[in-house]
């Protein structure tokens, strides 16, 4: 039998880890209190933003259990890309060519990440971009895509501001910044080093819990409450 951590498909089907991942969400229940879910807050660093050509070069993630960040359970790996301009990566992410040259390939890192997230909900800032590249990678390495539902903290920020500022906010001509750094400063959250996958995941985790606390005070107790309120972007891939 194939080792579950081996990449590749299983006789034309997704790899066993992806099959197990999918089974976790077949009867997914959104009606449970928020504190009963396990969340994985993740971030990726890329060689660029071209969805066809660019690749993952780093994944960082942290667990949130009982609505608290679990610092004992973190994931952070550099990934050796197949093709990249090392100068560009160094300038944008401060990841040196030497770090990437000695990093593990995608085929070794990705199965461990899929095992790490298992039955958790994914959280990210501008999550659809991260999910595009993660699913592009899982299709290549493991023959399928992730099934984890996801929550986008940028959409949470937009929903929170709509509620606080009212209908006028949607027509306000002033530009509002929804970058992770600006939101962290606006809400006086702990500061982390930008353009680092693990540090950005930690920054996102603090932002996520800030909004969850505010939403719960407003009577949104379950995951379904938040999804139905339109205050988050919920995604299934």
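The values are calculated or read from the model by the stated rules, or taken from the named source; none is laboratory data. Treat the numbers as computed from the prediction; the structure is a model and nothing was measured. Cβ coordinates were reconstructed from backbone atoms using ideal geometry, including for glycine residues, and neighbour counts include every protein chain displayed.
Can you tell me which residues in segment 122-145 are farther than 18 Å from residue 57 by Cα and surrounded by fewer than 22 Cβ atoms within 10 Å (Cβ to Cβ)? Once the filter is applied, which keeps residues that are farther than 18 Å from residue 57 by Cα and surrounded by fewer than 22 Cβ atoms within 10 Å (Cβ to Cβ), segment 122-145 yields 143, 144, 145.
Of the listed requirements (1) out of contact with any helix residue (DSSP H, G or I) (no Cβ under 8 Å at 6 or more places or on another chain); (2) at pLDDT 95 or above; (3) farther than 17 Å from residue 200 by Cβ, residue 66 misses just one: (1).
Selection of first residues in segment 214-228 that are on the phi < 0 side of the Ramachandran plot and surrounded by fewer than 16 Cβ atoms within 10 Å (Cβ to Cβ) and of second residues that are at pLDDT 90 or above and part of a strand (DSSP E or B), restricted to Cβ pairs under 9 Å at least 6 apart or on distinct chains, gives the following pairs, ordered by first then second residue: 221/33. Is it the case that segment 123-145 has a residue that's free of Cβ contacts under 8 Å to residues at least 24 places away in the same chain and assigned to a helix (DSSP H, G or I)? Yes, segment 123-145 has at least one match.
Residues that are assigned to a loop (DSSP other than H, G, I, E, B) and in contact with a strand residue (DSSP E or B) (Cβ under 9 Å, 6 or more places away or on another chain) were ranked within segment 29-48; the one that is surrounded by the most Cβ atoms within 10 Å (Cβ to Cβ) is 47.
When you look at residue 157, is it touching a residue at least 60 places away in the same chain (Cβ under 8 Å), surrounded by 20 or more Cβ atoms within 10 Å (Cβ to Cβ) and assigned to a helix (DSSP H, G or I), yes or no? Judged against the criteria, residue 157 is not a match. Pairs linking a residue in segment 190-207 that is touching a residue at least 12 places away in the same chain (Cβ under 8 Å) and at positive phi to a residue that is in a helix (DSSP H, G or I) and buried (at least 18 other Cβ atoms within 10 Å of the Cβ), with Cβ atoms under 6 Å and 6 or more positions apart or on different chains, are 195/93.
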